[in-house]
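One structure is given below, encoded as structure tokens.
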Amino acid sequence: MKRFPGIRAILFDLDGTLIDSAPDLAGAADAMRLKRGMPSLAYENYRPMCGAGARGMLQVAFGIAPEHLDYEALREEFFANYQACMLDNTYAFDGVPRLIADLQAGAMQWAVVTNKSERFALPLTAAMPLFATAGAIVAGDTTPFSKPHPEPLLEAARRLGVSPAQCLYVGDDERDIVAGKAAGMGTVAATYGYLGSASDVSAWQADAQIKSPAELLQLLSQA
């Protein structure tokens, strides 16, 4: 008996799961420090927080949270920087192109569900050949909700024409697992992305964990 029986579609988070956008995210934030005469921070400071997007990058660069009075203005500046460089050094993780090709060969549908806004997610995925076969790209503002709410995942399932129970959601953040469970989908935690050693992935209680993209295929074929 397969561990995930009846799966007809794989839904993926984007950053930290399919693509490594950390160099461009970090560059956009560090440029803001340099503009203000502040010293550059090492890339290693930014990378573990890249899964949190603008919130994470501004926390590292300036030590501020969304409640800070200057946060909104700084976030918009960060967005403008990132939009200008988001394809400079972003690439698929090793093994992801092969994974997608193998899913296609097995007639398995797939889609992306990300908290990245359409402003970035749509042009980025349109520019990368990897996403040409994706059945749907659901961004953080495609629906009125973003993860950990299940609605973006449910929207992807609707676009693919499958039931939530026939979907597996793969992500590298706890909110991905929370959203997947709330949507009634199987969940897989991808630990090869931005997660640092301090992350206790087991506490997320995902149905499975993978240390590389290739391990997902092993899970799907596991007897």
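Each value in this text was obtained by applying a stated rule to the coordinates, not by laboratory testing. Quick caveat, the model's predicted, so the values are computed rather than measured. We place every Cβ from the backbone using ideal geometry, glycine too, and count neighbours over all the protein chains shown.
Among LYS116, LYS181, LYS211, a tally of other beta-carbon atoms within 10 Å of each Cβ gives an order, fewest to most, of LYS211, LYS181, LYS116.
Put simply, when 12-19, 152-159, 33-40, 119-126 are sorted by average Cβ atoms within 10 angstrom per residue, most first, you get 12-19, 152-159, 119-126, 33-40. Available extension along the chain between SER117 and THR143 is 8.3 nm, counting 0.36 nm per residue and deducting the alpha carbon span. A Gaussian network model of the chain, with springs between Cα atoms under 10 Å, assigns the largest mean-square fluctuation among ALA206, ALA189, ALA127 to ALA127.
Computed per residue of the chain from DSSP H runs no shorter than four, each worth -39500 (n - 2.57), the mean residue ellipticity at 222 nm is -12000 deg cm²/dmol. Note: relative contact order over the range 1-120, using C-alpha pairs below 8 Å and six or more positions apart, is 42 percent. Here the spin labels are modelled as points 7 Å beyond Cα on the Cα-Cβ line, and at ARG36 and ALA165 they lie 5.2 nm apart. Relative contact order for the chain: 26 percent, from Cα pairs under 8 Å spaced at least 6 residues apart, divided by residue count. Ordering THR114, THR133 by the number of other Cβ atoms within 10 Å of each residue's own Cβ, fewest first, gives THR133, THR114. Summing +1 for each Lys or Arg and -1 for each Asp or Glu among the other residues whose beta-carbon sits under 13 angstrom from that of PHE145 gives -1. For SER221, SER199, SER21, the sequence from fewest to most other C-beta atoms within 10 Å is SER221, SER199, SER21.
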